[in-house]
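Only one structure is covered here, and it is reproduced in the block below.
Where a number appears in this text, it was derived from the coordinates with a stated rule and is not lab data. As the structure is a computational prediction, the values presented were derived from the model and not from experiment. Here the Cβ positions follow ideal geometry from the backbone for every residue, glycine too, while neighbour counts run over all protein chains shown.
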Amino acid sequence: MTVLLFLGLFTPAPGLFRSKAEVRDLECERLDIETATRDHPGAVHEVGPRGQRAQREIVVCRERLLPTGTRPEDAEAVLRTLDQTASGAARAAASLRPDLRDRIWLVEAHHASTAVTTKIAFATKNALVEQGLSVSDRKPLLNAADLTVLTRMGPDEAWPVACRRWHDSGGLRPTDALLALVQRDARATTLHAGLCDRGRWSWLR
Amino acid sequence: MRRGTARDAVGSIYAGACSRTFSMAWCRILPRWSDREASIVPPFATIPMRFARSALRFRVFGAALVWLFATTGCVTVYQPMSGLHSPVIVETTRPNLRDTRIDLACVPGGGLSVSDATALCGRVQRLFENQGALVTSGMQLTRDPAGTPEEAASPPSVHLTMEITSRKVHESNHPLTWMFSFSTFTLVPAVTELTFAQDVTIRDASGFLLVKETLQGRIVRRFGAGTWLVTHIGDLWRPEDRDLGGDAANRDLSRDLYRRLSQLAFDARIHADVLRIAAPAPAPPQRLGPPDAHPTAPEVP
């Protein structure tokens, strides 16, 4: 086994024992011994008190939750980093608008896929709760005429108009604030956060 | 659109390292063969003994074998480690970056030579131009703020600066693997490895950081008749996009790198759009110093 490792036959690179597709399902990083022993205790032998005899190389690989191709690429791009995206948006909302701390927060998400939209909204609500904010499951509604107009607009115009309509129609009360996570373009892998407060819309990030 | 190769992307750090190391090793072995023919000559060299009666003929035969192995015995594989194989949605053949100006800089160093940096920049420039962007490239981000005459006529709405730097993260080429490989007549491969990183930074015109990502990958070279044979026989059964031999490593790395760069540029463009919209409107210029006697105000009779 040691010899095979030494010969590089069991490295995560594609070859006799691994196909290219299998390798693409791995996220790898090269670590120094100290970091590897700290982050993966038991899996990596610690350096002895007299140092180590030979230089060791540690490459740590994690398998992706779902193999490549299981989900569409646009969904995969958003869902892989959803935790960081949602936490970042919630942090930005809490830190940039401390005056809205006492409000009840509603969440709106927009993505090409309905299933992904639901997941984004759920993750964002959790992230807001982690920031110590009050969150509601209520969804602000718009009437059919508003929706017809809004769907013809681009994101730059549609979101400020929607925000104003939510406020005017009473969908968003004066005690509410709304955080939206939006995929502004179907080709983008990032989500942008916007805030609606008493009919005024602003992009946070 | 012409696509670049892996060598353009990671520089010439490793180009030819396999064959150089191999040649050096054989240079050391060859004289010993000719001095002590009977005891050290490997089995495959005893077959044409009539041809190799003289030392000169033996050297020619040995050199031919060296050349044969050096040119056919290397199998290079590419492994994306992080960033390079992240999901990409944009299609690089579509006009994704229309109305965008990009100042591109490929900084030499860290294994990327000046000529490789120039070649990389040229290819990335073509990549973005094919997607509709107006691109200027160089080794540093120095540019006339007024832009070209055609830009002055119709200024693009988004202005980005992209900087690409390279790093050699790790390199391994242990002599023991070569010894072990040669002692088995290269049936067991000698393995060398290079881990590289490309740091990509994209900012808007004001210098605000829009995207910063590190794309990391490995190039593993296996040398030996055994691995070469197994790989190429395996390639006969694999679909073409899963081939391991030939130019597959260059092709895969180039595809990953250019697709990922396109996605990063597009995401940065969208981000820059959001910042442009979110930016507060410029305040009207304020008068400094004590107010004068309102020169424009009508005089009261």
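Put simply, the amide H of B:MET81, placed in the peptide plane, has neighbours under 5 Å in B:GLN216, B:GLY217, B:ARG218, leaving out anything fewer than 5 places away on its chain. The antiparallel fraction among DSSP beta bridges confined to chain A stands at about 60%.
Here A:LYS119 is the anchor, and the lysines within straight C-alpha reach of less than 22 Å, apart from those fewer than 8 places off in the same chain, are A:LYS139. Note on chain A: with a GNM built from Cα contacts shorter than 10 Å, the maximum mean-square fluctuation among A:THR35, A:THR70, A:THR81 falls on A:THR35. Each residue of the stretch A:158-171 was assigned a 3J(HN,Hα) from its phi angle through the Karplus expression (A = 6.51, B = -1.76, C = 1.60, θ = phi - 60°), giving 5, 5, x, 5, 4, 4, 5, 5, 4, 5, 5, 7, x, x Hz with x at Gly and Pro. For the stretch A:1-151, the square roots of the Cα gyration tensor eigenvalues, ordered a ≥ b ≥ c, give a/c of at least 1.5 with a/b no greater than b/c, which places it in the oblate category.
Among A:LEU150, A:LEU79, A:LEU16, the residue with the largest mean-square fluctuation in a Gaussian network model of chain A, with springs joining Cα atoms closer than 10 Å, is A:LEU16. Computed over the Cα atoms of the stretch A:155-205, the ratio of the radius of gyration to the Kirkwood radius (Rg/Rh) comes to 1.01.
From least to most packed, judged by other beta carbons within 10 angstrom and beginning with the fewest, B:THR227, B:THR184, A:THR85 follow the order B:THR184, A:THR85, B:THR227. Could you tell me whether the stretch B:74-117 comes out rounded, prolate or oblate from its Cα gyration tensor? Rule is a ≥ b ≥ c as square roots of the eigenvalues, rounded for a/c under 1.5, then prolate if a/b exceeds b/c, otherwise oblate. Note, shape of the stretch B:74-117 comes out oblate. Phi-derived couplings, Karplus 6.51 cos²θ - 1.76 cosθ + 1.60 at θ = phi - 60°, listed residue by residue for the stretch B:95-106: x, 6, 10, 5, 6, 10, 10, 10, 9, 10, 10, 10 Hz, with x used for Gly and Pro.
Once C-alpha pairs closer than 8 Å and six or more residues apart are averaged by separation and normalised to the residue number of chain A, the relative contact order reads 18 percent. Overall form of the stretch A:117-198: oblate. Here a/c, set by the Cα gyration tensor axes a ≥ b ≥ c, is 1.5 or more, and a/b is not larger than b/c.
This ranking places B:PHE208, B:PHE128, B:PHE185 by how few other beta-carbon atoms lie within 10 Å of each, fewest first, which gives B:PHE208, B:PHE185, B:PHE128. Over the stretch A:49-133, Cα pairs under 8 Å with separation of 6+ residues give a relative contact order of 33 percent. Using θ = phi - 60° in the Karplus curve 6.51 cos²θ - 1.76 cosθ + 1.60, the 3J(HN,Hα) couplings for the stretch B:248-255 round to 4, 4, 4, 4, 5, 5, 4, 4 Hz; x is entered for Gly and Pro. Contact order for the stretch A:110-205, expressed relative to its length and based on alpha carbon pairs under 8 Å spaced 6+ residues apart, stands at 25 percent.
Taken residue by residue and averaged, Cβ atoms of other chains lying within 10 Å of the Cβ of B:214-221 number 3.
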